[in-house]
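What follows is one structure encoded as structure tokens, with my remarks underneath.
The values are calculated or read from the model by the stated rules, or taken from the named source; none is laboratory data. Everything numeric here is computed off the predicted structure, so don't read it as measured data. Methodologically, a virtual Cβ is constructed for each residue, glycine included, from the backbone with ideal geometry; neighbour enumeration extends over all protein chains shown.
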2 protein chains.
Amino acid sequence: MDRTTPLATIAAAVRRERDRMGLSLGELARRAGIAKSTLSQLEAGSGNPSVETLWAIAVVLDVPFSRLVDPPSEGVRVVRAQEHVVIPSERSPFTGTLLAASPPGVRRDLHVITAEPGPARTADPHIPGTGEHLLVTAGRWLCGPAGEEVELGPGDYAYFPGDRAHSYRALEPGTTAVLLMEYR
Amino acid sequence: MDRTTPLATIAAAVRRERDRMGLSLGELARRAGIAKSTLSQLEAGSGNPSVETLWAIAVVLDVPFSRLVDPPSEGVRVVRAQEHVVIPSERSPFTGTLLAASPPGVRRDLHVITAEPGPARTADPHIPGTGEHLLVTAGRWLCGPAGEEVELGPGDYAYFPGDRAHSYRALEPGTTAVLLMEYR
DNA sequence: CGTAAGCGTTCGTCAAGCCGAACACGAGGA
DNA sequence: TCCTCGTGTTCGGCTTGACGAACGCTTACG
């Protein structure tokens with residue numbers, strides 16, 4: 001439990017998530033069905049929003065409710081498919097590989113992403129402390145921080161920090177991956 | 001992301017945590033510095049509490065704020081490959097799917113697992129609060145809590161709590177998956 | 001029995017959140 | 001320059017949540 005007032009945390013979180021979606025204050029208020037003034041005061045840290053107000057905002061921002069009330073969150077690491085450190089199971093024909101143990105206090109959102117060959121998808125830097133784990137399931141990716149892109153094939157794993165500009169580009173049709181977004 | 005009304009969730013969570021601590025309604029209200037009536041209406045599900053009210057309650061109950069607003073996750077959740085809620089990107093041939101947003105305070109370890117057809121790999125129950133996210137990359141799995149096993153193919157996603165006995169079994173050669181172990 | 005203490009609920013009052021409109025500011029465009 | 005549009009910020013009003021007191025209820029005790 002953090003001891004900081006939740007109001008400042010919520011204010012910062014709402015503004016952060018709103019920026020992330022590229023929405024203006026008025027636009028977010030309109031979509032959430034609340035008054036601009038309400039949202040303005042909320043982001044200013046003054047006021048004491050009700051649950052329904054916060055809920056409406058969280059739905060539009062497409063984030064779990066709790067992300068608004070809890071405080072926020074090196075180089076490229078690549079593990080090729082054949083380099084996985086396999087931990088065999090003794091009882092069954094079953095093997096497991098630990099790719100990335102979770103440090104305490106981080107949040108990790110699980111995504112699946114797909115792309116077709118074409119222009120790269122670029123992402124602006126996120127807040128410090130973020131990171132992206134990528135595990136390729138099909139096709140080939142060319143991705144990573146700007147200037148440090150790596151090419152990955154099926155089974156390959158890569159991690160790179162998300163607080164620098166980075167990009168994803170598919171080199172083959174039907175390119176897919178499991179993406180684990182990490183932030184504090 | 002859940003779309004149920006948060007009021008019922010909060011009402012149930014507050015009552016549950018209050019019972020857990022063995023506090024009466026009046027006693028909790030007194031310690032939290034709020035009126036009995038306010039708490040009564042809150043637990044009845046009527047009303048729309050403010051953040052400060054909820055915060056005061058969470059502090060006394062000694063639970064993270066988010067535990068009051070996040071619905072309890074129970075049972076097996078399956079998202080078939082073709083059921084993924086795709087969030088398209090406007091600028092590039094790129095799509096993403098959020099399968100499991102991370103609640104605060106949990107740890108998630110990223111594994112890759114493979115298995116061959118044969119006896120199932122069974123796992124004893126872990127501590128409460130754990131869970132396992134599985135995303136199939138190749139082959140077919142039959143897995144889940146004992147008695148609730150589901151069959152999953154490439155692209156399918158499943159989550160089930162890890163505090164009950166569960167098992168994994170491969171139905172085809174070369175069956176692999178990304179496994180995200182979650183615990184608090 | 002009577003009464004006292006504790007439980008949770010309901011009622012009237014007051015403050016505060018929410019709303020809509022009006023406002024100030026800056027970036028284009030004619 | 002003037003106008004328009006978009007941004008985010010303040011201002012009255014109305015609604016509603018929070019409060020405290022009173023209520024009905026159950027249990028304990030003299």
Quiz item: Is there a residue being closer than 23 Å to A:His111 by Cα, among the β-branched types (Val, Ile, Thr) and outside any strand (DSSP E or B) anywhere in region B:130-146?
Solution: yes
Self-check item: Yes/no for B:Asp109 being modelled with pLDDT of 60 or more and touching a Ser or Thr at 6+ places or on another chain (Cβ under 9 Å)
Solution: yes
Self-check item: Pick from region B:45-71, criterion away from DNA strand C (no atom under 13 Å from the Cβ) and among the acidic types (Asp, Glu), ranking: modelled with the highest pLDDT
Solution: B:Asp62
Quiz item: Got a number for residues in region B:132-182 being among the small types (Gly, Ala, Ser) and modelled with pLDDT of 80 or more?
Solution: 9
Quiz item: Within region B:149-171, restricting attention to residues that are surrounded by fewer than 16 Cβ atoms within 10 Å (Cβ to Cβ) and within 16 Å of B:Thr130 (Cβ to Cβ), which residue is nearest to the chain's Cα centre (by Cα)?
Solution: B:Asp163
Quiz item: Give me the pairs: first residue in region B:22-42 and in the same structural domain as B:Ile57 (by TED's automatic domain parsing), second residue of a type in the set (Asp, Glu), beta-carbon distance under 8 Å, and six or more apart or on different chains, which are they?
Solution: B:Leu25/B:Glu43
Quiz item: Taking region A:1-50 on its own, how many of its residues are under 25 Å from B:Val59 (Cα atoms), in contact with a helix residue (DSSP H, G or I) (Cβ under 6 Å, 6 or more places away or on another chain) and more than 12 Å from DNA strand D (Cβ to nearest atom)?
Solution: 3
Quiz item: If B:Glu74 passes every condition in (1) more than 22 Å from A:Pro173 (Cα to Cα); (2) at pLDDT 60 or above but one, which one does it miss?
Solution: (2)
